[in-house]
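Okay, so here's the structure we're looking at.
The values are calculated or read from the model by the stated rules, or taken from the named source; none is laboratory data. Here the structure is a predicted model, which means the values were calculated and not measured. Every residue, glycine as well, gets a Cβ built from its backbone with ideal geometry; the counts of neighbours run over all protein chains shown. Note: accessible area is taken over every heavy atom of the protein model, side chains too, but ligands, DNA and RNA are not part of it. Shrake-Rupley method; radii C 1.70, N 1.55, O 1.52, S 1.80 Å.
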Amino acid sequence: MNIEKLEAFLQKHNQPKFRLQQIQKAVFQESVSSFSEISTLNKDMRKNLEQEMKILSFEVEKVLASKDEKSMKALLKLKDENLIEAVLISPLDGVWSACVSSQVGCPLACEFCSTGKMGFIRNLAAEEITDQILFWNQQLKTKKEKVSNIVYMGMGEPFLNWEEVRKSLADLIDEKKFNFASRSISVSTSGIPEGIEKLSQEFPQVNLALSLHFGSEARRSQIMPINRKNNLEALRQALKKYLAVTKRKIFLEYVMLSGVNDSMDDADDLIRFVKSVEKLQLMHVNLIRYNSTESRFHSSSKERTLKFKEYLASHNLGVTIRKSLGEEIQGACGQLAAKK
Ligand code: SAH
Ligand code: SF4
């Protein structure tokens, strides 16, 4: 919801200051989906709000849920008709993790990612990012539950839209708005050093995930074009700086691509990179299953992934195989391509 617009609305209708807090509380904390539900306001006020304001900055085109109802995906139509996707996943009972988009499409064209194939269309405004959370909270209201974690792992590269992403983060942790703890939020990047630095300075308690995927410069550059500009050497420096400021663990994402980055030599490259950054305790590797997209890649087998994991663990790296939820609804990482 656009707060500046709401403020202008309240001024126009000569409303006292406390009205803003009343409405914010109802929208952000009580997850109302319509102004008519705000019982602390009189009838006229509710009617005017309904006519002149909107809670969400998009229309909901479609909502899909997996059979077990542990994952949901929504197709959202923005005011300019562009489509984005938002995903909600429940890794544990009562825990809901929202995966938000920060751009329509993405300019970085990683070869294994569907969003990358769309190209870049535009940046999302802060409101369009945080409204994805409002929307899921509205959906969860019947269960009396709420989003508990947020990951910036939907469509787009958050650090290429820093101004709006920064505003969205500020709203998420604002106690008068969403009131999330910084530690329940993670921002994922394919590796933009300036963004990593800004996150450490402005939001040192927000988690950083780096989509590393390769420990070798040549391989990474071949499949993730961003590495031709910001290579592993540049990322190493950025991560060292990040750790010096935040002293917080960094999550390294590693998508398992059969025959491409899943050999023991690839594991050695990864170990070398991680060791060259800092103390091993401050880094954690998440092995991700490759979710099929229209690309030339295939997912590594379970056995291969396990072997890779054990090899990393035997070199004292913290490593987890991340459960992939949402594939059934094409809502898993890298499958977001906003098709009707
Ligand atoms: N642009 C940011 C955030 C969005 S992508 C980034 O790249 O980090 C979210 C995560 O999904 C990243 O770790 C990305 O590498 C991963 N991903 C992309 N395509 C994938 C696929 N087909 N299967 C599994 N993970 C994928
Ligand atoms: Fe963009 Fe991330 Fe997809 Fe790469 S993986 S194309 S950076 S959204």
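If packing is taken as the mean number of other Cβ atoms within 10 Å per residue, what is the order of 290-300, 4-14, highest first?
Details: 290-300: 16.6, 4-14: 12.9.
Going by the mean number of other Cβ atoms within 10 Å, highest first, we get 290-300, 4-14.
Let me know the charge dipole size of region 58-329 about its Cα centre in debye, to the nearest 20, where only the beta-carbon of Lys, Arg (+1) and Asp, Glu (-1) is charged.
Details: 39 positive and 36 negative charges, 135 e Å.
Charge dipole, region 58-329, about its Cα centre: 660 debye, nearest 20.
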Compute a Gaussian network model of the chain, connecting alpha carbons closer than 10 Å, and tell me which residue from GLU85, GLU128, GLU202 fluctuates the most.
GLU202
Set the Förster radius R0 to 25 Å, insert the Cβ-Cβ distance between ALA170 and LYS249 as r into 1/(1 + (r/R0)^6), and round the FRET efficiency to 0.05.
0.60
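How would you rank 98-108, 53-63, highest first, on the average number of other Cβ atoms within 10 Å across their residues?
98-108, 53-63
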Could you work out, for region 163-279, what percent of all Cα-Cα pairs fall into each 5 Å distance bin, beginning at 0 Å and stopping at the bin that holds the largest distance?
2, 11, 21, 22, 17, 12, 8, 5, 2, 0, 0
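How much area per residue is accessible in the chain when the probe is 1.4 Å and only protein heavy atoms are counted (Å²)?
Details: 15540 Å² over 340 residues.
That works out to 46 Å² for each residue.
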Projected onto the charge dipole of the chain (+1 at Lys/Arg Cβ, -1 at Asp/Glu Cβ, origin at the Cα centre), which of LEU243, THR115, GLN222 gives the Cα projection farthest towards the positive end?
LEU243
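Obtain the radius of gyration and the Kirkwood radius of region 3-52 from its C-alpha atoms and give Rg over Rh. Before the final figure, lay out the partial values.
Values: Rg = 9.9 Å, Rh = 10.9 Å.
Result for region 3-52 is an Rg/Rh of 0.91.
Based solely on its DSSP helices, what 222 nm [θ] is calculated for the chain when runs of n ≥ 4 H residues each add -39,500 (n - 2.57) and the sum is averaged over all residues, nearest 500 deg cm²/dmol?
Values: 11 runs with 118 residues, N = 340.
One gets -10500 deg cm²/dmol as the mean residue ellipticity at 222 nm.
When you have a sec, figure out the Kirkwood radius of region 51-210 from all distinct Cα pair distances and drop it here in Å to one decimal? Don't skip to the end; give the middle numbers.
Details: mean 1/r = 0.0626 Å⁻¹.
One decimal place: 16.0 Å for the Kirkwood radius.
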For the chain, which whole percent of the accessible surface, found with a 1.4 angstrom probe, sits on carbon and sulfur atoms?
50
Pair LYS229, LYS198: separation of 7 Å Cα→Cβ label points (nm)
1.3
Go ahead and set up a Gaussian network model of the chain, Cα springs under 10 Å, then flag whichever of VAL245, VAL151, VAL206 fluctuates most.
VAL245
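Could you tell me which of the pairs LYS43/LYS146; LYS47/LYS79; LYS177/LYS247; LYS12/LYS176; LYS77/LYS302 are separated by over 31 angstrom between their Cα atoms in the structure shown?
Working: LYS43/LYS146 28 Å; LYS47/LYS79 22 Å; LYS177/LYS247 28 Å; LYS12/LYS176 22 Å; LYS77/LYS302 37 Å.
Distance filter (> 31 Å) returns LYS77/LYS302.
Quantify how much of the Cα-Cα distance distribution of the chain extends past 25 Å, in percent. Mind dumping the intermediate values first?
Numbers: 30703 of 57630 pairs.
Distances greater than 25 Å cover 53 percent of the Cα pairs.
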When the chain is treated as a GNM, springs tying every alpha-carbon pair under 10 Å, which of GLU37, GLU52, GLU69 comes out with the largest mean-square fluctuation?
GLU52
Diffing region 215-225: the Karplus 3J(HN,Hα) column from phi (6.51, -1.76, 1.60, θ = phi - 60°), in whole Hz with x for Gly and Pro, holds x, 10, 4, 4, 4, 5, 5, 5, 9, 10, x
